[in-house]
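**Q** The structure under discussion is supplied below as structure tokens; questions concerning it will follow.
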Amino acid sequence: AAIWTKEEDTALLESLLGTFSSSDDGGFKAPAFNAAAEDLKKEFPDKRGAVKTGTVCKNKWTSLKTLYNAVVDIKNTSGFTWSDENGAGIALKDDDIWVRYIKHHPTAKPFRNKGFSHLALMEQLVSSQGKGKYV
């Protein structure tokens, strides 16, 4: 399996951002992921884990989008606050509220007291996309 570092995540997102104008609806096609894979090979020649192919980059993008959507949901949930450094910032006294929330939103779990370092880049890449059933 591919092992991703935070720096490689950032490089992937920056590479996709570079091709963003050619992905009219924000949905990236295979050439964008293949180019990102090539960029990663050049920037991180001593990578760990499996080779980061275009398909692996696409899967990582999907994973990052899932995390991004979890953060957006937290930010849009009444009663929660968001900080890029501390995430949802849930105090111990609010633990039961968080437990109930993550029961229905399990992808939000890592963000209880930790921010999402890729939020700004993801906002640029995902902001124009809708989140409806048919998107």
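The values are calculated or read from the model by the stated rules, or taken from the named source; none is laboratory data. Please read all numbers here as calculations on a predicted model, not as lab measurements. Reconstructed Cβ throughout: ideal geometry from the backbone, glycine too, with neighbour counts over all protein chains shown. Protein only, heavy atoms only, side chains kept; ligands, DNA and RNA dropped before computing areas. Shrake-Rupley method; radii C 1.70, N 1.55, O 1.52, S 1.80 Å.
**Q** Tell me the label-point distance for the pair Ala1, Ser117, using the 7 Å Cα-to-Cβ offset, in nm and rounded to one decimal.
**A** Distance between the two pseudo-spin positions: 1.9 nm.
**Q** Multiply the residue gap between Glu38 and Ala50 by 0.36 nm, knock off their C-alpha separation, and tell me the result in nm, one decimal place. Provide the component values of the computation, followed by the final result.
**A** Working: separation 12, 0.36 × 12 = 4.32 nm, distance 1.41 nm.
Here the answer is 2.9 nm.
**Q** Of Thr81, Thr19, Thr53, which has the most accessible area and how do the rest follow, probe 1.4 Å?
**A** So the residues, ranked largest to smallest area, are Thr81, Thr53, Thr19.
**Q** At a Förster radius of 35 Å, what calculated FRET efficiency corresponds to the Cβ-Cβ distance of Asn76 and Ala30, to the nearest 0.05? Show your work: numbers first, answer last.
**A** Working: r = 32 Å, r/R0 = 0.91.
With a Förster radius of 35 Å, E is 0.65.
**Q** What does the helix-only formula give at 222 nm for the chain: each DSSP H stretch with n ≥ 4 adding -39500 (n - 2.57), the total divided by the residues, and the result rounded to the nearest 500 deg cm²/dmol? Intermediate results must be reported in sequence, preceding the final value.
**A** Working: 5 runs with 67 residues, N = 135.
Result for the chain: -16000 deg cm²/dmol, rounded to the nearest 500.
**Q** Same structure again: With axes computed from alpha carbons, what is the tilt in degrees of helix 30-43 against the longest principal axis of the chain, rounded to the nearest 10 within 0 to 90?
**A** Tilt relative to the chain: about 90 degrees.
**Q** Moving to a separate point now. Using only Cα atoms and rounding to the nearest 10 degrees, what angle (0 to 90) does helix 6-18 make with the longest principal axis of the chain?
**A** Here the helix axis deviates by roughly 70 degrees.
**Q** Find the Cα radius of gyration of region 1-80, compare it with 2.2 N^0.38 Å by division, and give the number to two decimals.
**A** Details: Rg = 13.9 Å, N = 80, 2.2 N^0.38 = 11.6 Å.
So the Cα radius of gyration is 1.20 times the expected 2.2 N^0.38 Å.
**Q** Determine the distance separating the Cα centre of region 90-115 from the Cα centre of region 36-80; give it in Å without decimals.
**A** Cα centroid to Cα centroid, the span is 22 Å.
**Q** If Lys and Arg each add +1 and Asp and Glu each add -1, what is the summed charge of the other residues whose beta carbon sits under 13 Å from the beta carbon of Ala30?
**A** For residues surrounding Ala30, the net value is +1.
**Q** Skipping prolines and chain starts, which residues have an amide H placed within reach, meaning under 5 Å, of the one on Ala2, given they are 5 or more residues away or on another chain?
**A** Long-range HN contacts for Ala2: Ala50.
**Q** What whole-number value in Å² describes the accessible area per residue of region 30-135 for a 1.4 Å probe? Present the calculation step by step, with values, prior to reporting the outcome.
**A** On the way: 6640 Å² over 106 residues.
Accessible area per residue: 63 Å².
**Q** Using a 1.4 Å probe on the protein heavy atoms, what percent of the accessible area of region 33-102 belongs to carbon and sulfur? Kindly include the intermediate steps, with their values, before the conclusion.
**A** On the way: 2120 of 4190 Å².
Heavy-atom surface of region 33-102 belonging to carbon and sulfur, 1.4 Å probe: 51 percent.
**Q** Would you kindly find the accessible area of Ile97, with a 1.4 Å probe and non-protein molecules such as ligands, DNA and RNA excluded, rounding to the nearest 10 Å²?
**A** Here the residue's solvent-accessible area equals roughly 70 Å².
**Q** Going down the list Lys6/Lys103; Lys41/Lys109; Lys6/Lys47; Lys58/Lys114, which pairs span over 20 Å between their C-alpha atoms? Please list the in-between numbers first.
**A** Numbers: Lys6/Lys103 27 Å; Lys41/Lys109 31 Å; Lys6/Lys47 12 Å; Lys58/Lys114 25 Å.
Going by Cα-Cα distance, Lys6/Lys103; Lys41/Lys109; Lys58/Lys114 fall outside the 20 Å limit.
**Q** Further question on the same structure: With axes computed from alpha carbons, what is the tilt in degrees of helix 54-75 against the longest principal axis of the chain, rounded to the nearest 10 within 0 to 90?
**A** Once rounded, one gets 20 degrees.
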